[in-house]
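Each reported figure results from applying straightforward, stated rules to the coordinates on display, with no laboratory input. It should be emphasised that the depicted structure is a prediction, and the values quoted were computed from it without experimental measurement. Glycine gets a Cβ as well: all are built from the backbone with ideal geometry, and neighbour counts include every protein chain shown.
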Amino acid sequence: MSGRLSGKRIIITGAVDNIGKEAVRGFVAEGARVVIGDRDERGAATAHEFGGAVHFIKVDVTEEGSVRSLIEEGAAWLGGLDVLCQNAGLQHSGAVTDFDAAKWDALFAVNARAHFFGAKYAVPMLRKNGKGSIINTSSLAGKRGGPGMTAYSASKGAVIAFTTALAMELAADNIRVNAICPGWVDTAFNQPAINFMGGLDAQAKAVSSVVPMGRQALSSEIAPMFVYLASDESSYMTAQAITIDGGVYNS
């Protein structure tokens, strides 16, 4: 352990498994204490894996009161707050002509509105510290959409717009706000998109032809960016939407 995050107090949503869990692994390895907020009760088992440095609080990120409780109770357990990492996400895919309005609203509630709730209650705590970092999870889809991704891309694009605007609002407070935009990552989260594409074989063919590196990422290849943005090493980085996609966006 190099202690890059020694003493840092972090709240992260959506960290039961996949990218979020790997981010927690990185946070703890570098000396941070972490609160996991998730609606999935498996969060308790995930926290247990990491020992006393990690605590679980159940949250529904679509409910403002629930998010407020997460931030307040999480900061109380941590003894303050240095980093808010908003990683909870939802994916639905489908052609725009067939897409259900309720699913559209659900995507925006989880992928976009929840970021507003988190920032609303975390920012006053970060201001007390005189500095802080907010890390929002967007997606390559928020920059470059594709068939069947209109709703998901719109919700993730909203995260990028929110991130850059909030970064400008909080720059004078020395609170940095950045977004991470993963491309194809080998997780179950992408199953709705895989189904829309026609199954795993079709997805594998698309990845091999579209991704210059010819493969999906592992969650462990995305997590180091969370650690970097949580650390003081990124003290001059704000308002960025950082793409980690094997070269897709620039191809």
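Projected label points at Lys58 and Met168, each 7 Å from Cα along the beta carbon direction, are separated by 4.1 nanometres. In terms of surrounding Cβ atoms within a 10 Å radius of their Cβ, Tyr249, Tyr236 rank from fewest to most as Tyr236, Tyr249.
With R₀ fixed at 25 Å, the C-beta to C-beta distance from Ala204 to Val96 puts the FRET efficiency at about 0.50. Estimated translational diffusion coefficient (Stokes-Einstein, Kirkwood radius over Cα pairs, 25 °C, 0.890 mPa s) of segment 9-244: 138 µm² per second. Here segment 166-251 yields Rg over Rh of 1.09, to two decimals, using C-alpha coordinates and the Kirkwood radius. The residues packed around Arg144, meaning those with a beta-carbon under 11 Å from its beta-carbon, carry a net charge of +1 if Lys and Arg are +1 and Asp and Glu are -1. Of Ala95, Ile222, Ile19, which is farthest on the positive side of the dipole of the chain, counting Cα position, with +1 on Lys and Arg Cβ, -1 on Asp and Glu Cβ, and the Cα centre as origin? About the Cα centre, the residue reaching furthest to the positive side is Ile222. Relative contact order, whole percent, for segment 165-251 stands at 48, derived from Cα pairs under 8 Å and 6 or more residues apart. The stretch between Phe116 and Ser220, if pulled fully straight at 0.36 nm per residue, gains 34.7 nm over its current Cα-Cα span. For the chain, the membrane-span-like helices by this rule, meaning whole DSSP H stretches whose C-alpha atoms cover at least 24 Å of axis and whose Kyte-Doolittle mean is -0.5 or above, are 150-170; this says nothing about an actual membrane.
Each Lys and Arg contributes +1 and each Asp and Glu -1, all at the Cβ; summed about the Cα centre of segment 1-139, the dipole is approximately 680 debye. The dipole here belongs to segment 101-179: it is taken about the Cα centre, uses +1 on the Cβ of Lys and Arg and -1 on the Cβ of Asp and Glu, and is about 120 debye.
Among Leu126, Leu170, Leu229, whose mean-square fluctuation peaks in a Gaussian network model of the chain (Cα, cutoff 10 Å)? With Cα springs under 10 Å in the chain, the top fluctuation among Leu126, Leu170, Leu229 is at Leu170.
The GNM of the chain, with springs linking C-alpha atoms under 10 angstrom apart, assigns the highest mean-square fluctuation among Asn129, Asn111, Asn18 to Asn129.
Taking the number of Cβ atoms within 10 Å of each Cβ as an exposure proxy, the fewest-first ranking of Tyr152, Tyr121 is Tyr121, Tyr152.
Please identify, among Met213, Met225, Met149, the residue showing maximal mean-square fluctuation in a Gaussian network model of the chain using a 10 angstrom Cα cutoff. Judging by the Gaussian network model, the answer is Met213. About its Cα centre, segment 9-244 has a charge dipole of approximately 380 debye under the convention of +1 per Lys or Arg Cβ and -1 per Asp or Glu Cβ, with nothing else charged.
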